[in-house]
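Here's the structure, in structure tokens; my notes come after.
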């Protein structure tokens, strides 16, 4: 069911509504998962996670194999993605990039094929090792054999050049982005949450803003792909990334204002005024976390 102003709009107009909500965009949940063709050899993959917005993976079809950046949040969801990939190419998956170490992107990695070439930031590798220590047999955490060295790793998959970049801490301490210079695409994983309230459980708020600025400054990029929310067209994808950057800036400013009042975090949650961002996905859940995380940054409590 479509709610509010979007309910009376025709399908094309609804598709232009700037939201992470599939229903408001006129898309039934039965439309997912879906492959979004970006170029001849490159696809985005949108799968629905609860409470109803997308988790996005990137798929690059090489000459002899497939590269995936980010998996999905369960073994079943990741296996479905692998099955969908088989519909577009018989080639095996050979490379896997850990854009985010969070479970909604890694919890299904146990169904990935063996013998992969992994690309993971040292900070994310350390986090996966910690997660593995408390994992169970039914929910294992796959730990890559080694981390990347340096801030850039280039992979020639045969059909194109894939440049994996660490441009700064953002949603986690080890966010990686995948740049396809020839296609002018930048997959940003969870450093870019399209119309999803900034999730800061393990974030570095002020650094996140600088990381997005660094991403916007990368040459040969016209399309920015988020880790959550919808894949947008070129010009609109940049506009939405800038909007998300401004949302983080606004969250930091409001949390900082609340801290100057000398009130408790619980009271700050009640008094917060997030403006339009307060209507984004996960706002009710993530806003209290964001307040506490920004306060921790102000107090110098975040891991250096």
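Summary of computed values
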| read-out | value |
| --- | --- |
| Flag if residue 99 is part of a loop (DSSP other than H, G, I, E, B), without any contact (Cβ under 8 Å) to a residue 60 or more places away in the chain and buried (at least 16 other Cβ atoms within 10 Å of the Cβ) | no |
| Members of region 257-294 that are part of a helix (DSSP H, G or I) and farther than 22 Å from residue 192 by Cα | 257, 258, 259, 260, 265, 266, 267, 268, 269, 270, 271 |
| In region 103-120, the residues that are surrounded by 24 or more Cβ atoms within 10 Å (Cβ to Cβ) and over 18 Å from residue 82 (Cα atoms) | 120 |
| Exclusive hit being over 14 Å from the mean Cα position of the chain (by Cα), surrounded by 15 or more Cβ atoms within 10 Å (Cβ to Cβ) and more than 16 Å from residue 286 (Cβ to Cβ), set 209, 242 | 209 |
| Residues being farther than 22 Å from residue 166 by Cα and either within 20 Å of the chain's Cα centre (by Cα) or in a strand (DSSP E or B) (or both) - total across region 46-72 | 10 |
| Among (1) over 30 Å from residue 276 (Cα atoms); (2) without any contact (Cβ under 8 Å) to a residue 40 or more places away in the chain; (3) touching a strand residue (DSSP E or B) at 6+ places or on another chain (Cβ under 6 Å), the one test that residue 132 misses | (3) |
| Count - residues of region 198-244 that are farther than 22 Å from residue 33 by Cα, in a loop (DSSP other than H, G, I, E, B) and either modelled with pLDDT under 95 or in contact with a strand residue (DSSP E or B) (Cβ under 7 Å, 6 or more places away or on another chain) (or both) | 3 |
| Residue 164 within 25 Å of residue 62 (Cα to Cα), buried (at least 19 other Cβ atoms within 10 Å of the Cβ) and in contact (Cβ under 8 Å) with a residue 24 or more places away in the chain | yes |
| Among (1) buried (at least 18 other Cβ atoms within 10 Å of the Cβ); (2) modelled with pLDDT under 90; (3) assigned to a loop (DSSP other than H, G, I, E, B), the one test that residue 17 misses | (1) |
| Strands (runs of 3 or more DSSP E) completely within region 115-192 that count 2 or more residues being farther than 19 Å from residue 73 by Cβ and either at pLDDT below 95 or over 17 Å from the mean Cα position of the chain (by Cα) (or both) | 152-156, 161-165 |
| Residue 83 crowded, with 21+ Cβ neighbours inside 10 Å and either under 19 Å from residue 188 (Cβ atoms) or free of Cβ contacts under 8 Å to residues at least 12 places away in the same chain (or both) | no |
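The values are calculated or read from the model by the stated rules, or taken from the named source; none is laboratory data. Remember, it's a predicted structure, so these values are computed and weren't measured experimentally. Quick reminder, even Gly has a Cβ in these numbers, built from the backbone with ideal geometry, and neighbours come from all protein chains shown.
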